[in-house]
Amino acid sequence: MSTLAPSPSSNHPLDTGLAARLAYRGGFAPANTAGVAKGYVQGNLAILPKALADEFLRFCQRNPKPCPVIGMSEPGDPAIPSLAADLDIRTDLPRYRVWKSGELVDEPTDISRWWQDDLVAFVLGCSFSFEEALLDAGVPLRHIDTGATVPMYRTNVACAAAGRFSGPMVVSMRPLKPADVIRAVQITSRFPSVHGAPVHVGLPHLIGIRDIKKPDWGDAVEVREDEMPVFWACGVTPQAVIAAVKPEFAITHAPGAMLVTDLINARLAAT
């Protein structure tokens, strides 16, 4: 797992999961991975000590919309062979977040120095997978068109608790015209392992969002007069939960900076 790759260029495009992981492992650290390795599944990351792993797994099972588990490591093992043969969870994301007692203490590009023998990594389905299906269907996505990170918001929608884990759902937002909203619901409903259909459409205040122009994570994007804000459950939810639960130690991805796997998006679609 020591293979390195140069930063992407015309000669080394990030067109596969492996190419993306090798670039990030080699030190390339973009702000987000939207649009990287078209066709390949991306995932959110949560890493916890083994003593908390069973409770967190139950939390994910009780909240499959924001926390759909697509991969899980053995304690202390940075590999997850079901997601990629050549994968080191410590180095293969562009940026991470390290938490102690609910406080953010570091945002490294490599977590090798933070790694412990009892850590268990969870990879959760990511909306970037269904975004590809939306784009293929001609549904425009403004954050991609403008090179921004999708806006994400903490809501007043409570997740189902599991042991020590409880807290609010986080949602991501994409502004769409009404006709595209209908198509987006139809398309994303086919991807339950990457958040599925929207959880809310329109009227942000009904889910506790006071100002759509001020996301808690990511970048603000314009919602035009002929558009509606459409909200999907988001894999940043574990970060909001970690902030609420304050476990002694945890690691997550930086919002928008995902793990790119070798799984194929099309195979996640329900038939």
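When Asp77 is tested against (1) out of contact with any Phe, Trp or Tyr (no Cβ under 7 Å at 6 or more places or on another chain); (2) more than 23 Å from Cys159 (Cα to Cα); (3) surrounded by 17 or more Cβ atoms within 10 Å (Cβ to Cβ), just one condition goes unmet, and that condition is (3). Taking the stated definitions as given, is Asp219 out of contact with any Lys or Arg (no Cβ under 8 Å at 6 or more places or on another chain) and charged (D, E, K, R)? Against the criterion (out of contact with any Lys or Arg (no Cβ under 8 Å at 6 or more places or on another chain) and charged (D, E, K, R)), Asp219 qualifies.
Note on segment 126-163: residues that are of a type outside the set (Phe, Trp, Tyr), open to solvent by less than 20 Å² (accessible area, probe 1.4 Å), under 19 Å from Ala31 (Cα atoms) and not in a helix (DSSP H, G or I) total 8. The set of residues in segment 227-255 that are at pLDDT 90 or above, surrounded by 22 or more Cβ atoms within 10 Å (Cβ to Cβ) and within 25 Å of Glu107 (Cβ to Cβ) comprises Trp232, Ala233, Cys234, Thr237, Ala250, Ile251, Thr252, His253, Ala254.
Kindly establish whether Leu87 is open to solvent by less than 30 Å² (accessible area, probe 1.4 Å), within 20 Å of Pro64 (Cβ to Cβ) and part of a loop (DSSP other than H, G, I, E, B). Criteria not met by Leu87. Cβ separations smaller than 6 Å between residues 6+ apart or across chains give the following pairs from segment 235-248 residues that are assigned to a helix (DSSP H, G or I) to residues that are of a type in the set (Ser, Thr, Tyr): Gln239/Thr252. Among the residues of segment 204-230 satisfying the criterion of being among the hydrophobic types (A, V, I, L, M, F, W, C) and under 15 Å from Arg154 (Cα atoms), which is nearest to the chain's Cα centre (by Cα)? Looking at residues that are among the hydrophobic types (A, V, I, L, M, F, W, C) and under 15 Å from Arg154 (Cα atoms), I get Trp217. Of Val201, Val181, Val171, Val194, all but one fail to be more than 17 Å from Gly138 (Cα to Cα), open to solvent by 10 Å² or more (accessible area, probe 1.4 Å) and of a type outside the set (S, T, N, Q); the exception is Val201.
When every residue of segment 217-226 is checked against the conditions, none turns out to be open to solvent by 20 Å² or more (accessible area, probe 1.4 Å), part of a helix (DSSP H, G or I) and out of contact with any strand residue (DSSP E or B) (no Cβ under 8 Å at 6 or more places or on another chain). A count restricted to segment 165-191 and to residues that are within 22 Å of the chain's Cα centre (by Cα) and either under 23 Å from Ala240 (Cα atoms) or not in a helix (DSSP H, G or I) (or both) stands at 15. Each residue in segment 26-59 was checked for being within 30 Å of Gly163 (Cα to Cα) and either in a loop (DSSP other than H, G, I, E, B) or of a type in the set (Asp, Glu) (or both), and 2 of them qualify. State all residues of segment 112-125 that are more than 15 Å from the chain's Cα centre (by Cα) and either in a strand (DSSP E or B) or within 20 Å of Glu74 (Cβ to Cβ) (or both); if no residue qualifies, say none. Hits for segment 112-125 are Ser112, Trp114, Trp115, Gln116, Asp117, Asp118, Leu119, Val120. Contact annotation: residue pairs with Cβ atoms under 9 Å, 6 or more positions apart or on different chains, pairing a residue in segment 39-65 that is among the hydroxyl-bearing types (Ser, Thr, Tyr) with a partner that is open to solvent by less than 20 Å² (accessible area, probe 1.4 Å), are Tyr40/Gly17; Tyr40/Ala20; Tyr40/Ser129; Tyr40/Val260; Tyr40/Thr261; Tyr40/Asn265. Within segment 28-72, the set of residues being under 25 Å from Thr109 (Cα atoms) and open to solvent by 50 Å² or more (accessible area, probe 1.4 Å) comprises Phe28, Ala31, Gly35, Lys38, Tyr40, Lys50, Val69, Met72.
Can you spot a residue in segment 97-108 that is open to solvent by less than 60 Å² (accessible area, probe 1.4 Å) and part of a loop (DSSP other than H, G, I, E, B)? Checking segment 97-108: at least one residue is open to solvent by less than 60 Å² (accessible area, probe 1.4 Å) and part of a loop (DSSP other than H, G, I, E, B).
The values are calculated or read from the model by the stated rules, or taken from the named source; none is laboratory data. Because the structure is predicted, anything quoted here is derived from the model rather than measured. Reconstructed Cβ throughout: ideal geometry from the backbone, glycine too, with neighbour counts over all protein chains shown. The protein model used for the area step is the full one, side chains on, heavy atoms only, and it has no ligands, DNA or RNA in it. Shrake-Rupley method; radii C 1.70, N 1.55, O 1.52, S 1.80 Å.
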